[in-house]
Amino acid sequence: MPISGSNIGVSIAAGDGAGRLDPYGASNFIVEIEGLVAGGFASCTGLQVEIESHEYREGGRNEFVHRFAGRTLHQPLVLRHGLSPLDGLWNWHRDTASGRIRRRNGTIFLLNEQRAPVMWWDFLQGLPLKWTGPELQAATAAVAFETIEIAHQGLSRPRLARSVQDIAGELSINIELPDGFF
């Protein structure tokens, strides 16, 4: 029986007792930056895309305000990880600060419990803007972290329909999405 509707995820989860689709955990991810070995990351923030809007108040129309789309803004990615002998991020930032600029593409992979990628975000033309070293305090036994802030020219991610189809295949559910659904 084909499943259709505005909430395919709920339909899959409720259908035929085939299994539950729980949300992915935010703590299971890896970051790949073109040609850099950086180790594992403790946090990644900045997966955000915003569209500026402009308001226009039309005279005589007091029940609403027109909103028009403007520029698309991409927040810098902020990657944080434990300091180690791997110094690829430091070298990339140092080279950029010295005028040897090399933009790099990268991918943030969200992993499931089996450590397999289930979703990812590609960033384009990344440029390291800021490197922050660890806070050193003799009175603590905390891990020393370094942070790098990367400006980029856009994020992309796979279409939801493809992900739903892949999940449905794993659960052996037949889904037929209408043309132009996504």
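The values are calculated or read from the model by the stated rules, or taken from the named source; none is laboratory data. Values in this document were obtained by computation on a predicted structure and should not be read as measured data. Counting neighbours? That spans all protein chains shown, and the Cβs are built from the backbone with ideal geometry, glycine included.
Figures for the structure shown
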read-out: Single match in D122, D95 (criterion: surrounded by 15 or more Cβ atoms within 10 Å (Cβ to Cβ), acidic (D, E) and not in a loop (DSSP other than H, G, I, E, B)); value: D122
read-out: Filter pass, E55 being modelled with pLDDT of 90 or more and more than 19 Å from the chain's Cα centre (by Cα); value: yes
read-out: Any pair with Cβ under 8 angstrom, 6 or more apart, that starts in the range 76-102 at a residue that is within 13 Å of L127 (Cα to Cα) and ends at one that is modelled with pLDDT of 90 or more and among the polar types (S, T, N, Q); value: L77/T45; V78/S43; V78/T45; V78/T147; L79/S43; L79/T147; R102/T96
read-out: Subset of the range 98-119 (residues that are surrounded by fewer than 13 Cβ atoms within 10 Å (Cβ to Cβ) and among the charged types (D, E, K, R)); value: R100, R102, E113, R115
read-out: Hits in the range 32-76 (condition: part of a loop (DSSP other than H, G, I, E, B) and of a type in the set (K, R)); value: R57, R61
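Residue-wise test of (1) among the hydroxyl-bearing types (S, T, Y); (2) at pLDDT below 85; (3) out of contact with any strand residue (DSSP E or B) (no Cβ under 9 Å at 6 or more places or on another chain).
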residue	(1), (2), (3)
S4	yes, yes, yes
I8	no, yes, yes
A18	no, yes, yes
S27	yes, yes, yes
E32	no, no, no
G46	no, no, no
I51	no, no, no
